[in-house]
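Just below is one structure, and these are the notes that go with it.
FYI, it's all coordinate maths here, none of it is from the lab. For clarity, every value in this text was computed on a predicted model and none was experimentally measured. Virtual Cβ from ideal backbone geometry, glycine too; neighbours counted across all protein chains shown.
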Amino acid sequence: MTWETVIGLEVHVQLATASKLFSGASTTFGQAPNSQACAIDLGLPGVLPVLNRKAVDMAIRFGTAIGADITQKTLFARKNYFYPDLPKGYQISQHHGPIVDGGSLDIELKDGSSKTIAIERAHLEEDAGKSLHDDFQGQTGIDLNRAGVPLLEIVSSPSMGSSEEAVAYLKTLHSLVRCLGISDANMQEGSFRCDCNVSVRHQGQPLGTRTETKNVNSFKFVEKAIQYEVQRQITLIESGGKVDQETRLFDPSTGETRVMRSKEDANDYRYFPCPDLLPVHIDDGYIEDIRANLPELPWQTRDRLQKAHQLSRYDATVLTSQTAIGQYFEAIIGYGVTPKLAANWITGELMGMLNKNNLEFQDTPIDAKRFAPLLQRIEDGTISGKIAKNIFETMWNGTDTVDVIIEAKGLKQISDEDAIKAIIQQVLDENSGQLEQYRSGKDKLFGFFIGQVMKLTQGKANPQQLNGLLKKALDT
Amino acid sequence: MGASAEDCAMLLNAMAGHDTKDSTSVPHEKQDYTKGLEHGIKGLKIGVITNCLKDEGLDPGIKNKIEDAITVLEQLGAIIQPIELPNQHHSVACYYIIAPAEASSNLSRYDGVRFGYRCDNPKSLDDLYQRSRSEGFGDEVKRRIMVGTYVLSSGFYDAYYIKAQKIRQLIKQDYVKAFKKVDILLSPTSPNTALPLERDHHDPNAIYLADKFTIGTNMAGLPGIALPAGLINGLPVGFQLTGNYLDEATLLRVGHQFQQATDWHKAMPAGFE
């Protein structure tokens, strides 16, 4: 019997509104503690919440993009629990009648297949403050700047079967909310946080008991947390134990999850409709207006680019994982660069370098205007791909254009047939022993001769030309 | 709130209007409530809530005073007719589910963390919560927090809170139907005169039941006015008028006209003369 994994994800997306969900205080990240919390965020007696329309619009925008129903009479509820960074002793959230009902996302998997992940709901709620345990020897500080920041909690169905699917779903969701402009989705700053519900079962059996691993804040950690949790549950059951329904925490330093709260300690949240807020009525016209103004969605851009430029599904998916990447790609194409070459360099060198330096795509030090000529110099034969990679590194660390670097370092490719022939002749003359072996059938030595020519030319010989000319010289 | 209906009209002028910082406030245009007070009430239809006047908990002395007041209004030209509000007797039970539910949540912020009373030397977070709230709140507040927490708890929510909200709708519909027949409603304010201070500490249910005639108005979200109608053993007696939604003007006009014909609003309780 094989084990089957069942994963459902709850993602908290901080919405990019200027002010909070129920107050006028600013939502800017990283300000001095408690400098962005007004009387309403502090929960002072007598204050009342007033709903931020922008947050509602953003939720509707998300709902229309995933093909969900927008609840036309949506309700806010209080979720009651005690915690020091929850100033009112309750969170204003949605329980029955969430604003976004249903919908789905298609995800692309590495084997080229795709899968539709149903979304159960998405609802608006206010974020809590932060408890700071590190800076106050033996005491806890409370920063309420985050209290009241609007969140859209997006709840998937339990329909993902592996950590790969879970990460693909998260990445698709991540690129969607950024494309829609409803969140910066910055995972380090906590604007895109994921709770992973995981259970295992034997195929065909009813769902197993699930655990919830809270606040995992990177794709890598989600992958690790799920893999760890699946293995833990299987090992537990196979050794005769049983999984407890509990809330767990992922520890990035060990790659393990550990118990945070057992079922016995679970809160009874005593949800009830928030008496301070009326139901919000959203009419068809309002929804249609928002739907009509949706931008081109990532999967639409992907299909368009794939078709227009004969890209692989994988390249097209990566290129549209962020709006900025797609725009960059299209800008490069605009300079007349071959799409496949542009795709390879953006998904390979450029994104690799960004990853290595922990940079966001839009922070690339090489803009499209400087990047396109590098690829053009490959295409017109001025430099080889290999040399181009060296130049790319120089460009990354400076501000020079490709042509300035080629000129300054003398990296121009040698494409003059006679010049290459002369060097080949020199190499053959200097290595008569190897030449004899080659001619007596040791084909593998072809690479040796290529290497010798490249050594003499410092890698500048045009590789295609060299190939052809060397073959000719060796075989005659 | 005021020494006369006219005072109340002036006060309401200062208080009324849409409050953009209160999402439950009705966006209704302001009006001058002192205008029209002098208009008579001839032909105005007043419904007397019969189930209240027949209520066995109503002090017979108070009932007499109210009947006197009805006679005055009749003499002023009002048309009196009986009205039954069949669900009104549920209103106290209903209120003492919904209000404590809200209060239990509203009062959560008094947890000793940011403001309000904090116990000495808390040993842990739970200790801080438990002692701050146990020591800081009085009996009636604690009673309501416990009732409210209970009726919102999982397993009890549908049986109490949801049912109370449904009954609240029935109570409201009774009023809506009544206002199709009459302009305003008349009932006692309190079933008895003021209780001695020390009774507060004994039977909370008896105290809650003193609200039986007024709470329906709150549950339905309607405006009401209580007018003095005499003294019994030196203690004030009043009656209540309930108006249709946003029709405070009619209430104030009837009150003012009543006070033109009577002097009860100038009578002082024993010991306050």
Exercise. Between A:SER35 and A:ASP111, what length in nm is gained on full extension when 0.36 nm per residue of separation is reduced by their alpha carbon distance?
Worked result: 22.5 nm
Exercise. If all Cα-Cα distances of the stretch A:1-149 are sorted into 10 Å bins from 0 onward, what percent lands in each bin, rounded to whole numbers?
Worked result: 10, 33, 29, 19, 8, 1, 0
Problem set entry | Rg/Rh for the stretch B:35-266, where both radii come from Cα atoms and Rh is the Kirkwood radius | 1.06
Problem set entry | Paramagnetic label zone (point 7 Å from Cα along Cα-to-C-beta, B:ALA3; backbone N under 19 Å) in the stretch B:243-273 | B:255-273
Seminar exercise, completed: FRET efficiency for B:LEU125 and B:ALA16 from the Cβ-Cβ distance with R0 = 35 Å, rounded to 0.05, comes out at 0.20
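For the stretch A:332-476, compute Rg over Rh where Rg is the Cα radius of gyration and Rh is the Kirkwood radius from the inverse mean 1/r over Cα pairs.
Across the stretch A:332-476, the Cα-based Rg/Rh ratio is 1.07.
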Exercise. Can you pull the three principal axis extents for the Cα set of the stretch B:142-243, in Å, largest first?
Worked result: 48, 43, 14
Exercise. In degrees, nearest 10, range 0 to 90: what is the angle between the Cα axis of helix A:298-309 and the longest Cα principal axis of chain A?
Worked result: 20
Exercise. If only Cα atoms are counted, what is the Rg of the stretch A:133-251, and what is its Dmax, in Å?
Worked result: 16.9, 52
Exercise. Just counting partner chain Cβ atoms within 10 Å, what average do the residues of peptide B:99-111 show around their Cβ?
Worked result: 5
For this session: Treating each Cα of the stretch A:417-475 as an identical point scatterer and ignoring solvent, apply the Debye formula and state log10 I(q)/I(0) at q = 0.20, 0.28, 0.30 Å⁻¹.
Result: -0.65, -1.29, -1.45
Exercise. Percent relative contact order of chain B, based on C-alpha pairs within less than 8 angstrom and at least six residues apart?
Worked result: 25
For this session: Before anything else, pin down the relative contact order of the stretch A:297-356: Cα pairs under 8 Å, at least 6 apart, normalised by residue count, whole percent.
Result: 31
Problem set entry | Of B:GLN31, B:GLN259, B:GLN240, the one that fluctuates the most in a GNM where chain B has Cα springs shorter than 10 Å | B:GLN31
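Note down the net charge around A:THR116, summing +1 for each Lys or Arg and -1 for each Asp or Glu among other residues with Cβ under 13 Å from its Cβ.
On the way: positive: A:LYS115; negative: A:ASP106, A:GLU108, A:GLU165.
Result for the local shell: -2.
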Problem set entry | Sites A:SER253 and B:HIS89, calculated FRET efficiency, Cβ-Cβ separation with R0 51 Å, nearest 0.05 | 0.20
Exercise. Once the principal axes of the Cα atoms of the protein assembly as shown are found, what is the range along each, listed largest first in whole angstroms?
Worked result: 134, 62, 52
For this session: Decide, for the stretch A:30-72, between rounded, prolate and oblate: order the square roots of the alpha carbon gyration tensor eigenvalues as a ≥ b ≥ c, take rounded if a/c falls under 1.5, and otherwise choose prolate if a/b is larger than b/c, else oblate.
Result: oblate
Exercise. How large is the helix-only mean residue ellipticity at 222 nm for chain A, computed as the sum of -39500 (n - 2.57) over DSSP H runs with n ≥ 4, divided by its residue count, in deg cm²/dmol to the nearest 500?
Worked result: -12000 deg cm²/dmol
Seminar exercise, completed: For the stretch A:238-289 the translational diffusion coefficient, Stokes-Einstein from a Kirkwood Rh over Cα pairs at 20 °C and viscosity 1.002 mPa s, in µm²/s, is roughly 133
Seminar exercise, completed: GNM on chain B, Cα springs under 10 Å; top mean-square fluctuation among B:THR24, B:THR262, B:THR34 goes to B:THR24
Exercise. Is the shape of the stretch B:81-198 best called rounded, prolate or oblate, per the rule: a/c under 1.5 gives rounded, else a/b larger than b/c gives prolate, else oblate, with a ≥ b ≥ c the square roots of the Cα gyration tensor eigenvalues?
Worked result: prolate
Problem set entry | Relative contact order (%) - criterion: Cα under 8 Å, at least six apart; region: chain A | 14
Exercise. When chain B is treated as a GNM, springs tying every alpha-carbon pair under 10 Å, which of B:LEU251, B:LEU85, B:LEU235 comes out with the largest mean-square fluctuation?
Worked result: B:LEU235
Problem set entry | Entries of A:LYS307/A:LYS356; A:LYS386/A:LYS471; B:LYS21/B:LYS181; A:LYS54/B:LYS172 with Cα pairs more than 27 Å apart | A:LYS307/A:LYS356; B:LYS21/B:LYS181; A:LYS54/B:LYS172
Seminar exercise, completed: Check: C-alpha center the stretch A:391-441 vs C-alpha center the stretch A:176-191, spacing in Å is 46
Problem set entry | More than 19 Å apart - percent of Cα-Cα pairs taken over the stretch A:296-409 | 43
Exercise. Between A:GLN458 and A:GLN362, what length comes free when the chain is fully extended (0.36 nm per residue of separation minus the Cα-Cα distance, one decimal in nm)?
Worked result: 31.1 nm
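Is the stretch A:3-289 rounded, prolate or oblate when judged by the Cα gyration tensor, a ≥ b ≥ c being the square roots of its eigenvalues, rounded requiring a/c under 1.5 and prolate requiring a/b larger than b/c?
oblate
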For this session: Provide the FRET efficiency to the nearest 0.05 for the A:TRP3-B:LYS45 pair, computing r from the beta carbons and using R0 = 51 Å.
Result: 0.10
